[in-house]
Amino acid sequence: MKGRKIILSVSIVLLTTSFAFCQTEVLKGVVNSLAFYKQKNELKYLGNAKKTIDSLIKVGPDSTNLEKNVYRAVVNSSILYIDSLNKLNQPADFFGKTVALVDLLNTRKKIYKYQPEMDFARQCLANVYIRKGFAYINNSDYSNAEYVFLRAHRYVPSFKPLNAYIAYTYNKLGNLEAAARYYDALIKTDSTKTAYIEAASTIYKAIGDTSKAIDVLKKGRKLLPGDKFLLLDEANIYNNKKDYKSLAPLLTKLLDININNPDIVFVAANCYEHLYQYDKAESLYLHVIDLNSSAYDPIFDLGLLYLKKSTLKEGDKEKNISYARQWIEKANEISPNNIKCLEILKLIYAQTGSKNQLNNINNKLKQLTNQ
């Protein structure tokens, strides 16, 4: 099964806090300008808010005033988030200085008094980092994308899609174990997506940890019980490991969804055969052949199944050996130089006393093995 491609898109849902902050009289002009921007959606009001807050912060006591600096962080981060084209002509170091201001404010003892304002500023800056991350991804610069996504995650650790963005960049950088950890974090949430679970499974398989891949898929199927892709992925792992006992409980549901998919029906038939449930295996092999009459493997395996049944005490030996001959001969018509098929035919002709056919097979095997 091919894994789904994870499509990353820039989210703007982080910006959920309103501009309606509490403020003192001295900051009324700043907050009013922010409110006017919200009403009219015109950048000039953000520019006015910046001019006002800058005029209020002067040298001396004003430069360290906590409330004024909080509102400078609110205004500057708003501009960075909203004015992505820099129509207000802010200097090149505007983003760096705003980040430094927010980080410094976070260390102040009484910053808890301004939780809504600081949450707002952090959300704005996180959005800017995410925007930068996607720009880096578009240029295949995954190292810088990883860096800015991690910076965003520092500001909004509860924003789950960031785990997907970080995991995506780690995967691109070849750091599969780190990518898997971030996908794991997504899988533990109720809002997980099939693509995340498949990505984690694929990564664990890539690093050879199929047990962890199975754990991830089992968790995913509990969260998304109706997802047929996760069911198929788990079934594929068991089939590749030849773990037929683990595969068998998945087959009923798998066949309900894929009863006309010859590849999946063939896997189910092969599983039941290895578990000695020959009647189920026979029925499914015949169904596969109905779906694709020119496929070699189900025809050859059905012939082998009848050959096995011919050795059972409770079976009809002559009937089963006749069916085995019929299907193995048909397989030989599809692949006339297949040595394994010829060896089985040789065995069947020897058991049934078909001397002419046996001689022909022996001669052909000599020709093929002498080449």
query: What is the diffusion coefficient of segment 34-113 in µm²/s, taking the Kirkwood radius over Cα pairs and the Stokes-Einstein relation at 25 °C with a viscosity of 0.890 mPa s?
result: 185
message: Given all pairs of different Cα atoms, what value in angstroms does the Kirkwood hydrodynamic radius of the chain take?
response: 26.2
- prompt: So, by mean Cβ neighbours within 10 angstrom, what's the order for 249-255, 340-346, 145-151, 273-279 with the highest one leading?
  reply: 145-151, 340-346, 249-255, 273-279
query: Which lysines have a Cα less than 18 Å from the Cα of K97, not counting those fewer than 8 places away in the same chain?
result: K50, K51, K58, K68, K132
- prompt: Normalised by the residues of the chain, what does the relative contact order come to in percent, with Cα pairs under 8 Å and at least six apart?
  reply: 8
For segment 119-136, Karplus couplings with θ = phi - 60° (6.51, -1.76, 1.60), whole Hz, Gly/Pro x: 4, 4, 4, 5, 5, 4, 5, 4, 4, 5, 4, 4, 4, 5, x, 6, 5, 5
- line: For the chain, longest principal axis from Cα atoms; helix 317-334 axis from its Cα atoms; angle between them, nearest 10 degrees, is 60
message: Just to confirm my numbers, what's the Cα centroid distance between segment 254-309 and segment 133-174 in Å?
response: 46
message: At 1.4 Å probe size, put D256, D119, D316, D301 in order of accessible surface, largest to smallest.
response: D256, D316, D119, D301
- request: Please determine, in degrees from 0 to 90 and to the nearest 10, the orientation of helix 161-173 with respect to the longest principal axis defined by the Cα atoms of the chain, where the helix direction is its Cα long axis.
  value: 60
message: If packing is taken as the average count of other Cβ atoms within 10 Å, what order do 68-80, 221-233 fall into, highest mean first?
response: 68-80, 221-233
statement: With every protein chain in place, the accessible area of Y204 for a 1.4 Å probe, in Å² rounded to the nearest 10, comes to 20
- request: Evaluate the Kirkwood expression for the hydrodynamic radius of segment 286-371, namely the inverse of the mean inverse distance over all pairs of different C-alpha atoms, and round to one decimal in Å.
  value: 13.2
statement: Measure of exposure for K219: accessible area at 1.4 Å probe, Å² rounded to 10, is 100
query: Measuring from the lowest to the highest alpha carbon on each principal axis, how far does segment 167-319 reach, largest first, in angstroms?
result: 61, 29, 27
- prompt: Relative to the longest principal Cα axis of the chain, at what angle does helix 176-187 sit, 0 to 90 degrees, rounded to 10?
  reply: 80
message: If I model a spin label as a point 7 Å beyond the Cα along the Cα-Cβ vector, how far apart are those points for S246 and D103 in nm?
response: 4.5
query: So what's the gap between the Cα centers of segment 51-112 and segment 341-369, to the nearest angstrom?
result: 88
query: When the helix-only estimate is applied to the chain (DSSP H runs of n ≥ 4, each -39,500 (n - 2.57), divided by the residue count), what is the mean residue ellipticity at 222 nm, nearest 500 deg cm²/dmol?
result: -23000 deg cm²/dmol
- line: Restricting to Cα pairs under 8 Å and 6 or more apart, the percent relative contact order of segment 170-211 works out to 40
query: Simple spin-label model, 7 Å along Cα-to-Cβ: D93 to E25 in nm?
result: 3.7
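The values are calculated or read from the model by the stated rules, or taken from the named source; none is laboratory data. Just so you know, these numbers come straight off a predicted model, no measurement behind them. FYI the Cβ positions are ideal-geometry reconstructions off the backbone, even for glycines, and counts take in every protein chain you see. The accessibility values were calculated without ligands, DNA or RNA, using every heavy atom of the protein model including side chains. Shrake-Rupley method; radii C 1.70, N 1.55, O 1.52, S 1.80 Å.
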